[in-house]
Amino acid sequence: MATLELLGLTKSFGKTPVLHGLDVRLEDGEMLVIVGGSGCGKSTLLRLVAGLEPPSAGRILLDGTDITALDPAKRDVAMVFQNYALYPHMSVFDNMAYGLKLKGLPKTDIRNRVEEAAETLSLSALLGRKPRELSGGQRQRVAMGRAIVREPKLFLFDEPLSNLDAKLRVQVRADIRKLQKRLNVTSLYVTHDQVEAMTLADRLAVMHEGHAAQIATPVEVFARPADRFVGGFIGEPAMNFCAATLCGGGRLAKLAAGPEIDLPGETPWGADGTEVSIGIRPQHVVVKSEPTPLRLTVNLVEPLGSEALLHGTLSDGETFHVRVPFPAPAVQNLFISLPATQLHLFDSATGKRLG
Amino acid sequence: MERRTLFNSRLLPAVLVAPQLAITFIFFLLPAGGAFYQSTQSTDAFGLNTVFVGLRNFASLVTSPQYHEALVRTAVFCVIVTNLSMAGGLVFASFANRSIHGRFLYRILLIWPYAIAPALTSVIFVFLFQPQIGLITNLLAGFGINFNYATNSNQALALVVLIAAWKQVSYNFIFYLAALQSVPRSIIEAATLDGARSFHRFRTMIWPMLMPTTLFLVVTNLVYSAFDTFDVIYALTGGGPGTATDVLVVKVYRDGVINLDLGGSAAQSVLLMAGIVGLIIMQFRITTRRST
C-alpha cells in the first residue's frame, strides 16, 4: 500500500527521446492505466518505475521515499510480464515462493502465503506442475500469483492480457480488477487496448509520443478528450473529425463540407474565420429522414449485430463513420445532422481541446 | 509422412550416394576393420612373422599395469581439461554476453584459439614455457619457481592440461554464449524484481537453464580431451617425461609406431573405439532428448 509519484520523468535512448518529463501521482490503492500506441513510451515508463532502466532525468517517489537510484531488487515492486516470464525449470509453487525465499521468510510462512494466493487464483491443484504443463490462462494466473504473494507496495502490469484469446481476456480482465480492488494495491497497468484501459482504470494516462496527452478518469477522457489524439484514440469506432471555420460571431461553424452548424453553449468559441477541427463520435451522429444540408455517401455497411457501422464520405471527400441501429437503411445517400451538444472542438493547429 | 523421390533409373541415385559411401568405406570402415584384424595378430619385432593370437592382445592389456596407469592418467586428464575449459568458456561467455564496448572484437578474439592448428598451439606454448628461454618460465623463475616440463612430471601434465583446455575454451565459449543469449531477458528481470542479486540470479535461473548445453558440452569435451589431444601432447612432450603425459591416444602411437607392438596398439585402438562409440551414443541421447 503506497503512493507513487513520478516527477519530470524523462528517458532517452542515445539521442532518441522516448519519454518527455512525465508528472503523475498515484494515490494509495489507485489503478492507473497507461494506454497508447506502440512506441509511445508506455513500456519504457514501466521499466523505469521497476528500475530495469535508469531514467535520464526526473525522480520516482514510492511512499514519499526517493527510489530513483534504488536497486530493483530493493524496490518492493512486483511486475506481471507480457509473456509472464515464469521460471521454466521451477514448479508453480517454487515460482511463487522464489521471491519469498529470497526475502528469507520461514518455510511455514512461505507455504501459507503461497497456498493462500493459489487459493485466490484457483491454482491449488496446479502447484506441483511446471509452467510448460499449463495453459495460457493458467500461466497468466501464476504470474499474478507470483506478484501477489510478495505483498509488494506496487504492482506493475505490462500488457498482461495480450497473449490470451479474446474470450479469456474479458474474464481475466474482470478478475484482475476485482483482485486489485480487494488487495487495494497501487498499480500501474500498461496496455495498448483501449477497452482494457477503460474498464480497468481508476484513472487513465493516454500517452502519445512520449507525452501524457491526458491523465483523467475514463469517463472524463471519453467525454472531454484533451486533444484530437485522445479523441481519436479512445472510443471504438474512432471519433470523426471535420475541418471547419467559425462564423456567426463564433457561435456557428461552417464545415468544409458546406453547411453551417450550431455549436454547443452560449459563449462564442472564437473570432469569426478561426479554423477549428470538429469531432463527433459515430454513435452521436443523427440520421434524418427529411433532407438536411449534410449528406453522407455510404460506401460500406458493417453489421455488428445490434448495430451497424456505416463507412462513407461527406461532400468534401472527408471520410465519416456513423453508427446506426441494425438493420441499416439500405440507401446510398443519408441525410445526417450533428447535434451541438455532442460536438468536440479542437484547435486545428495544436489539436488541443477548445472550451 | 516420409516423402519419397522417384528416379527413372537406378543409376543416378547410386552415383549420387557413391562419393559419401566411398569416403565412409575408405576412411572409416577400412581402417577400423584393419584395426580389428591387427588386434588379433602378433608380429615379431622385425615384421617377419605374424601369427593369429585371438584375444590375447586384449588379455595382456587388461592385466598390464602400464595400461591401467595410462587409463587413470587419461581419466584425470579428461576430467580436469573438461572442467577447466568449460569453466573458462562459461566465464568468458558471461562477460561477452554483457553489452560492453568492443564486444564484437572480444568475441572474435575468443574464437581464435580454436582456429589454430593443434601442433602450432603447442609451439606457441613452447615459446612461453621453454625450460631455458620461455617467457613465463623466466617470470616464474623470478618468484623462485623452477619450471621445467621436460623433467618435472607434474609440471608436464599441468602444461598439457592447460594447453588442451585453452584450445577448447573457444568451442565452449561459442556454445555458452549462444545458450546465454537464448535465456529470456524477462525471466532474469522477473528474478531481479523478486529480489535476486546477480550471483543468485546466476545460480537459480541462468545455470539451470544452461543445463542442456552443459550436458552436451561435458560429453563433447570428454571426447575431445580423450581422443583429440594427441597432436597437442605429442608435439609438446611426446608422452614424457617418462610416462607422465602418456594418455591413451599417445600410448597407442608410442606402442604401435615407436615400439612396433602393432597387435597391442591395435587392441588399444579397438578399446578406444568402443569408448568413443559409448560417448557418442550418450551424446545422441542428450541431443535428441533436448530437441523433443
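Residue count for the stretch A:214-267, restricted to those that are in contact with a Cys (Cβ under 9 Å, 6 or more places away or on another chain) and among the small types (Gly, Ala, Ser): 3. Just one of B:138, B:172, B:146, B:221 is within 30 Å of residue A:83 (Cβ to Cβ), away from every other protein chain (no Cβ under 14 Å) and of a type outside the set (Phe, Trp, Tyr); which is it? Unique residue meeting the criteria: B:172.
Every test in (1) within 23 Å of residue A:230 (Cβ to Cβ); (2) assigned to a strand (DSSP E or B); (3) at pLDDT below 90 is passed by residue A:334 save one, and that test is (1).
Tallying residues that are closer than 18 Å to residue B:184 by Cβ, part of a helix (DSSP H, G or I) and either within 14 Å of chain B (Cβ to nearest Cβ) or over 34 Å from the mean Cα position of the chain (by Cα) (or both) within the stretch A:108-136 yields 2. Within the stretch A:258-274, residues that are more than 20 Å from residue A:285 (Cβ to Cβ) and among the hydroxyl-bearing types (Ser, Thr, Tyr) reach partners that are modelled with pLDDT of 90 or more and surrounded by 12 or more Cβ atoms within 10 Å (Cβ to Cβ) with beta carbons closer than 8 Å, at six or more positions or on different chains, in the pairs A:274/A:245; A:274/A:246. Out of A:273, A:317, A:312, A:355, one residue alone is modelled with pLDDT under 90 and touching a Ser or Thr at 6+ places or on another chain (Cβ under 7 Å). It is A:273.
Under 11 Å from residue A:142 (Cα atoms) and either crowded, with 20+ Cβ neighbours inside 10 Å or at pLDDT below 95 (or both): does that describe residue A:127? Criteria met by residue A:127.
Filtered by the rule that a residue be surrounded by 12 or more Cβ atoms within 10 Å (Cβ to Cβ) and aromatic (Phe, Trp, Tyr), the stretch B:44-71 gives B:58, B:67. Can you tell me which residues in the stretch A:197-215 are surrounded by 24 or more Cβ atoms within 10 Å (Cβ to Cβ) and part of a helix (DSSP H, G or I)? A:200 - this is the single residue of the stretch A:197-215 that is surrounded by 24 or more Cβ atoms within 10 Å (Cβ to Cβ) and part of a helix (DSSP H, G or I). Looking at the stretch A:28-107, the strands (runs of 3 or more DSSP E) lying wholly inside it that each contain 1 or more residues that are within 14 Å of another protein chain (Cβ to nearest Cβ) sit at A:57-62, A:77-80.
Scanning the stretch A:73-120 for residues that are farther than 23 Å from residue B:192 by Cβ and either free of Cβ contacts under 8 Å to residues at least 40 places away in the same chain or out of contact with any Leu (no Cβ under 8 Å at 6 or more places or on another chain) (or both) yields A:106, A:107, A:108, A:111, A:112, A:115, A:116, A:118, A:119.
Can you find a residue that is touching a Leu at 6+ places or on another chain (Cβ under 8 Å), in a helix (DSSP H, G or I) and more than 27 Å from residue A:110 (Cα to Cα) anywhere in the stretch A:145-158? Within the stretch A:145-158 (the criterion being touching a Leu at 6+ places or on another chain (Cβ under 8 Å), in a helix (DSSP H, G or I) and more than 27 Å from residue A:110 (Cα to Cα)), the answer is no, since none of the residues qualifies.
Using the structure shown, decide if residue A:232 is at positive phi and either outside the structural domain of residue A:280 (by TED's automatic domain parsing) or free of Cβ contacts under 8 Å to residues at least 24 places away in the same chain (or both). No; evaluated as a whole, the condition is false for this residue. Of all residues in the stretch A:3-38, those satisfying the criterion of being of a type outside the set (Asp, Glu), surrounded by fewer than 20 Cβ atoms within 10 Å (Cβ to Cβ) and within 29 Å of residue A:179 (Cα to Cα) are A:3, A:7, A:24, A:25, A:29, A:37, A:38. Checking each residue in the stretch A:292-338 for being basic (Lys, Arg) and without any contact (Cβ under 8 Å) to a residue 24 or more places away in the chain picks out no residue at all.
Condition first: over 24 Å from residue B:284 (Cα atoms), free of Cβ contacts under 8 Å to residues at least 12 places away in the same chain and either more than 11 Å from chain A (Cβ to nearest Cβ) or in contact with a helix residue (DSSP H, G or I) (Cβ under 6 Å, 6 or more places away or on another chain) (or both). Now tell me which residues in the stretch B:175-192 satisfy that. Explain how you work it out, then say what you get.
Keep residues of the stretch B:175-192 that are over 24 Å from residue B:284 (Cα atoms), which gives B:184-192.
Right, trim to free of Cβ contacts under 8 Å to residues at least 12 places away in the same chain and you get B:184-186, B:189-190, B:192.
Passing the criteria: only B:192.
Test residue A:246 against the stated conditions and say whether it is over 18 Å from residue A:323 (Cα atoms), touching a strand residue (DSSP E or B) at 6+ places or on another chain (Cβ under 8 Å), without any contact (Cβ under 8 Å) to a residue 12 or more places away in the chain and not β-branched (Val, Ile, Thr). So residue A:246 does not fit the description; no. The set of residues from the stretch A:189-226 being under 22 Å from residue A:138 (Cα atoms) and touching a Phe, Trp or Tyr at 6+ places or on another chain (Cβ under 9 Å) comprises A:189, A:190, A:191, A:196, A:200.
So that you can scan it fast, the table gives a plain yes or no per residue for (1) in contact (Cβ under 8 Å) with a residue 24 or more places away in the chain; (2) buried (at least 24 other Cβ atoms within 10 Å of the Cβ); (3) touching a strand residue (DSSP E or B) at 6+ places or on another chain (Cβ under 6 Å):
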| position | (1), (2), (3) |
| --- | --- |
| A:146 | yes, yes, no |
| A:173 | yes, no, no |
| A:190 | yes, yes, yes |
| A:217 | no, no, yes |
| A:228 | yes, no, yes |
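The residues on offer are B:244, B:267, B:274, and the sole one that is part of a loop (DSSP other than H, G, I, E, B) and among the hydrophobic types (A, V, I, L, M, F, W, C) is B:244.
Look at residue A:182 and say whether it is outside any loop (DSSP other than H, G, I, E, B), surrounded by fewer than 19 Cβ atoms within 10 Å (Cβ to Cβ) and touching a helix residue (DSSP H, G or I) at 6+ places or on another chain (Cβ under 7 Å). No: the conditions fail for residue A:182.
Provide a single number: the residues in the stretch B:193-205 that are within 11 Å of chain A (Cβ to nearest Cβ) and under 14 Å from residue A:98 (Cβ atoms). Reasoning before the result, please.
We begin by selecting, within the stretch B:193-205, every residue within 11 Å of chain A (Cβ to nearest Cβ); these are B:193-198, B:200-201, B:204-205.
In the following step, the residues that additionally are under 14 Å from residue A:98 (Cβ atoms) were identified as B:193-197, B:200-201, B:204-205.
Going through the stretch B:193-205 one residue at a time, the tally reaches 9.
The values are calculated or read from the model by the stated rules, or taken from the named source; none is laboratory data. None of the values given here were measured: they were computed from a predicted structure. Positions of Cβ are generated from backbone atoms using ideal geometry, with glycine treated the same way; all protein chains shown enter the neighbour counts.
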